[in-house]
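One structure is given here, and the rest of the page talks about it.
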Amino acid sequence: LEALSADLGHPAALEAEVARLLQAQGRPGPARGRLAAALRARPDDPALLLRWVELCRALAEPRAAVEQAQRLVAL
């Protein structure tokens, strides 16, 4: 999946899926970069913001999780 994303120019949806899989493997650190790239491409995507909130919780970053949750609610 990572190779496919690279071949396609790292589209946001595919990067978000790679991030989700990395997080499911217990690798939230590497997932952060992938999801951050997806959010740069689609900053107001509710599904991506929700994944970001979940990732922040997994990384034990409650302040960041709350900030992004508030942003999500504002949308």
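Regarding Arg57, is this residue open to solvent by 80 Å² or more (accessible area, probe 1.4 Å) and either aliphatic (A, V, I, L, M) or in contact (Cβ under 8 Å) with a residue 24 or more places away in the chain (or both)?
Against the criterion (open to solvent by 80 Å² or more (accessible area, probe 1.4 Å) and either aliphatic (A, V, I, L, M) or in contact (Cβ under 8 Å) with a residue 24 or more places away in the chain (or both)), Arg57 does not qualify.
Are any residues in the stretch 1-35 of a type in the set (Gly, Ala, Ser), open to solvent by 60 Å² or more (accessible area, probe 1.4 Å) and over 15 Å from the mean Cα position of the chain (by Cα), and if so, which ones?
Matches in the stretch 1-35: Ala3 only.
Return yes when Arg63 is surrounded by fewer than 17 Cβ atoms within 10 Å (Cβ to Cβ) and of a type in the set (Lys, Arg) and no when it is not.
Yes.
Starting from the stretch 14-30, take each residue that is charged (D, E, K, R) and list its partners that are in a helix (DSSP H, G or I) and open to solvent by 40 Å² or more (accessible area, probe 1.4 Å), counting only C-beta distances under 6 angstrom and pairs at least six apart or across chains.
So the pair list comes out as Glu15/Arg34.
Condition test on Pro30, is it within 24 Å of Leu1 (Cβ to Cβ) and part of a loop (DSSP other than H, G, I, E, B)?
When the stated conditions are applied, Pro30 does not pass them.
Of the residues in the stretch 37-47, how many are surrounded by 15 or more Cβ atoms within 10 Å (Cβ to Cβ) and out of contact with any Asp or Glu (no Cβ under 9 Å at 6 or more places or on another chain)?
Number of matching residues: 2.
The values are calculated or read from the model by the stated rules, or taken from the named source; none is laboratory data. A quick note: this is a predicted structure, and the numbers were derived from the prediction, not measured. Positions of Cβ are generated from backbone atoms using ideal geometry, with glycine treated the same way; all protein chains shown enter the neighbour counts. With ligands, DNA and RNA removed, areas are computed over all heavy atoms of the protein, side chains included. Shrake-Rupley method; radii C 1.70, N 1.55, O 1.52, S 1.80 Å.
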